[in-house]
1. Restricting the search to region A:1-49, which residues are part of a loop (DSSP other than H, G, I, E, B), at pLDDT below 90 and within 18 Å of B:R118 (Cα to Cα)?
2. A:F112 passes all but one of (1) modelled with pLDDT under 95; (2) within 14 Å of chain B (Cβ to nearest Cβ); which number fails?
3. Report yes if B:T27 is within 14 Å of chain A (Cβ to nearest Cβ) and among the hydroxyl-bearing types (S, T, Y), otherwise no.
4. Name the residues in region A:142-162 that are under 11 Å from A:F30 (Cβ atoms) and either among the basic types (K, R) or not assigned by TED's automatic domain parsing to the domain that holds A:F30 (or both), would you?
5. Would you call B:T58 surrounded by 13 or more Cβ atoms within 10 Å (Cβ to Cβ), more than 11 Å from the chain's Cα centre (by Cα) and more than 23 Å from B:V108 (Cβ to Cβ)?
6. Just to verify a result, which residue in region A:150-174, among those that are over 30 Å from the mean Cα position of the chain (by Cα) and among the acidic types (D, E), is farthest from the other protein chains (Cβ to nearest Cβ)?
7. Out of A:D281, A:D288, A:D223, report the one residue that is modelled with pLDDT of 90 or more and touching a Phe, Trp or Tyr at 6+ places or on another chain (Cβ under 9 Å).
8. Which one is farthest from B:V99 (Cα to Cα) among residues in region B:65-82 that are within 13 Å of another protein chain (Cβ to nearest Cβ) and buried (at least 17 other Cβ atoms within 10 Å of the Cβ)?
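The values are calculated or read from the model by the stated rules, or taken from the named source; none is laboratory data. Only a predicted model underlies this, so the values are computations on that prediction, with no experimental measurement involved. Backbone-built Cβ (ideal geometry, glycine too); neighbour counts: all protein chains shown.
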Amino acid sequence: NAVSDGAAAMDPAEEPPSILWGLDPVFSAFARLFVRDILQMTESIQIPGIYFYNFHPIYKVDVLGTVVYKRERDDFFCYGVDDGTGVINCLCWKSKLLKEEEDPNKCGDADFGGFNPVAELRKLREAQQRRCRLDIGELIRVRGPVKTSRQQREIMASTFYKVDDPVMAVQIAWMMEVPQLYRQFYDKRFELNAAGYRNPPFNADNLPVRSLNKIHLKPKPTDYKEKQNSSVEGEAERPFCNARLSQLLKEVLQVLQNEGVVYRKVKSQDEVYTVTTQDKDLLIAVKDVIREDSKREKYAEKGCHVLHILSAVRQRYSLNLSKAALELVLKTLECDSDIVSTSDSHYVAF
Amino acid sequence: MSMLPPAAVFRLPWEVNSLKEGESVRTFGRLVCYQPDESRATLSAQHASKEHLVFVHTQFVEPFNPIIGAQYLVLGETENSEGVGVTVRARVLNCVDGVNIALLQRAVTEQRSFFAERESKQVEATHPGDGT
């Protein structure tokens, strides 16, 4: 039976490497899984507390079901939640509001023109207590991470509340929606760049070339000095090889330059290339230009045009800066919310 | 550790009579009769121009406010009582009058077909080549 039910059954050796988990959008969501699947999904051997449903790493879930078991302790409630596919224990911590004792002397002493904040607060607390204290047969919504304690799987509720569903509208909507979520997301294998990270096994070849450029350049982002014909000693016996390497390197650098990924701050005998978006001084210079000029009446409304920024940065910082490189810098600054684009070629800063 | 009851699977009212004893189910129907002295309620549902009755043992959910003619959702275990047939011993009995029965039925079927679909895919995956 377990085998036929086990959409989650998985050979532990097949577990995707943890470095890739964060790339799966399901990982950071509260997965709306059937309780049956939450109880059966495989726990990670790399990191306990993480589970796998169909190779999706999962650690927090979202369930809606009927309370079929309850137990109250000083600090928490334990609710057994039945969604029609399984029953799971939910550990629901009481909030401070719920534990605070009522002080009957506090209320009703002041009247602020018909609005009594103390009384309102008490009403609010009562409303919250009503939503947190559930009886058997009532509908509950629970979100939180999945834990396995004493061989038993349970949900540590980060949020939980009673759902008023007098005509079952919420339950019906949930029953209709969850299978769709499975079909669209959970039952689809997560694939990285359509290449699949499992089969064939993940390797650098599966990455698109463009991001490869960045990955290779970022670990040593500062400067790259091209050493003509002197790559590695001992290779000198192979001048042909060296010449080709050097030629290849030149071509690659040219491509990167054309795209603006690298640029030469000064044209000199030493061919020093700088990774554009890692050049902090350049970023500051561009930001300063935009910030200062945004204050001028001429640019205040529409923002500064790219070409205006380009000529200003060239005067102030580096004559060699290309438009492509500037555009990458602008994109980076915009992503960091340092500047704001007002059109596809105008920018302002505040 | 806590003793959780088994999951109560959704059954349509006309399926309850063919269930074995001791199964956990949830089903629905219009309350047509309540006999408090015997702790017995009867739910009724129409299907394919036939009336189907679901007998409910209400001892665990008493006292409750019986509204004759209203829709109820029952959750509990099946029992075989002599002379009556299958009875559901209710753990939960909620009045859900106003529920869209047609939509609820569709949701139940939808969930079932999802599980059937998934299981058939798994069978395919574990026995590739079978039936081709």
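1. A:N1, A:G6, A:A7, A:A8, A:A9, A:M10, listed by residue number.
2. Exception for A:F112: condition (2).
3. Numbers: within 14 Å of chain A (Cβ to nearest Cβ): yes; among the hydroxyl-bearing types (S, T, Y): yes.
For B:T27, the condition - within 14 Å of chain A (Cβ to nearest Cβ) and among the hydroxyl-bearing types (S, T, Y) - is met.
4. A:R143 - this is the single residue of region A:142-162 that is under 11 Å from A:F30 (Cβ atoms) and either among the basic types (K, R) or not assigned by TED's automatic domain parsing to the domain that holds A:F30 (or both).
5. Working: surrounded by 13 or more Cβ atoms within 10 Å (Cβ to Cβ): yes; more than 11 Å from the chain's Cα centre (by Cα): yes; more than 23 Å from B:V108 (Cβ to Cβ): yes.
Against the criterion (surrounded by 13 or more Cβ atoms within 10 Å (Cβ to Cβ), more than 11 Å from the chain's Cα centre (by Cα) and more than 23 Å from B:V108 (Cβ to Cβ)), B:T58 qualifies.
6. Going through region A:150-174, the residues over 30 Å from the mean Cα position of the chain (by Cα) turn out to be A:150-151, A:164-169, A:172.
Subsequent filtering for residues that are among the acidic types (D, E) retains A:164-165.
Details: A:D164: 12, A:D165: 8 Å.
Out of the qualifying residues, it is A:D164.
7. Numbers: A:D288 fails: touching a Phe, Trp or Tyr at 6+ places or on another chain (Cβ under 9 Å); A:D223 fails: modelled with pLDDT of 90 or more.
From the options A:D281, A:D288, A:D223, the qualifying one is A:D281.
8. My answer is B:E77.
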